[in-house]
Amino acid sequence: MPTPTKERIVSETTRMIKESQAVYLTDFLGMNVDQVNTLRAKLFASGIRMKVVKNTLIRRSVQEAGYSFDVSTYIKGATALVYGINDPVEPAKILTEVKKVSKDLGKPDVKAVIFQGELFGKEKVEAIAALPSKEELIARLLATLASPMTKLVRTLKAPMSNLVNGLDQLKEKKE
């Protein structure tokens, strides 16, 4: 019989999984308190939540979120959920960065990721971390959209500039 506390945890975890664009299942075991606090601080600064949940409750939450895949093979041992609510790429970048800093430990280790409604193993995390952020993509799109307009303005302005240059050269010749 599930306790009210476990039901609340499953309900909250299910809600967070549904709201997130990406959920990273990570192994943090072996990290000391300072390393975990540093990781949490970096995640928190970017608006990302991290929560340690029992594996059985993770399994139930994923099922209640409406996903048909089985996460059981990925959630052996201690598991922390890292939620990418607004940006699915930023948590991967932070987790990869922290892992590089603690080379000797190799933690936090991403076991799997639920990305855009699909389950991927840890091999996809590096590919996800290499993706540009949402802000970078918007900046690229705006630059791409502005480029033709800038070229059009230059093209329309060119005959007038050529006329002025021609008149200046004619004036210099006559003087």
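The values are calculated or read from the model by the stated rules, or taken from the named source; none is laboratory data. From a predicted model like this one, the values you see are computed outputs, not experimental measurements. All Cβ positions, even for glycine, are placed from backbone atoms using ideal geometry, and neighbour counts span all protein chains on display.
Applying the selection to region 98-116, what residues are in contact (Cβ under 8 Å) with a residue 24 or more places away in the chain and either of a type outside the set (Gly, Ala, Ser) or in a helix (DSSP H, G or I) (or both)?
Result: Val98, Leu105, Lys107, Pro108, Asp109, Val110, Lys111, Val113, Ile114, Phe115, Gln116.
Consider Ala143 carefully, then state whether it is among the small types (Gly, Ala, Ser) and in a helix (DSSP H, G or I).
Here the answer is yes, as Ala143 does meet what is asked.
Give me a count of the residues in region 68-95 that are closer than 23 Å to Glu126 by Cβ and part of a loop (DSSP other than H, G, I, E, B).
Total satisfying the criteria: 14.
Would you mind telling me which numbered condition in (1) farther than 13 Å from Gly77 by Cβ; (2) in a loop (DSSP other than H, G, I, E, B); (3) modelled with pLDDT under 85; (4) of a type outside the set (D, E, K, R) Gly30 fails?
Here Gly30 clears every test but (1).
Return the pairs, sorted by first residue and then second, in which the second residue is part of a helix (DSSP H, G or I) and polar (S, T, N, Q), the first residue lies in region 128-153 and is closer than 25 Å to Val113 by Cβ, the beta carbons are less than 8 Å apart, and the residues are 6+ apart or on different chains.
Close Cβ pairs satisfying both conditions: Ala129/Thr96.
For (1) closer than 25 Å to Leu43 by Cα; (2) among the hydrophobic types (A, V, I, L, M, F, W, C); (3) not assigned by TED's automatic domain parsing to the domain that holds Met31, each residue gets a yes or a no:
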{"residue": "Val98", "(1), (2), (3)": "yes, yes, no"}
{"residue": "Lys107", "(1), (2), (3)": "yes, no, no"}
{"residue": "Val113", "(1), (2), (3)": "yes, yes, no"}
{"residue": "Leu119", "(1), (2), (3)": "yes, yes, no"}
{"residue": "Met160", "(1), (2), (3)": "no, yes, yes"}
{"residue": "Leu163", "(1), (2), (3)": "no, yes, yes"}
{"residue": "Gln169", "(1), (2), (3)": "no, no, yes"}
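Residues of region 34-67 being under 21 Å from the mean Cα position of the chain (by Cα), hydroxyl-bearing (Ser, Thr, Tyr) and assigned to a helix (DSSP H, G or I), which ones?
Once the filter is applied, which keeps residues that are under 21 Å from the mean Cα position of the chain (by Cα), hydroxyl-bearing (Ser, Thr, Tyr) and assigned to a helix (DSSP H, G or I), region 34-67 yields only Thr38.
Is there a residue in region 121-139 that is surrounded by 20 or more Cβ atoms within 10 Å (Cβ to Cβ) and more than 11 Å from the chain's Cα centre (by Cα)? Break it down into steps so the answer makes sense when it comes.
As a first pass, look at region 121-139 and keep what is surrounded by 20 or more Cβ atoms within 10 Å (Cβ to Cβ): 125, 128.
From what's left, more than 11 Å from the chain's Cα centre (by Cα): none.
No - not one qualifying residue is present in region 121-139.
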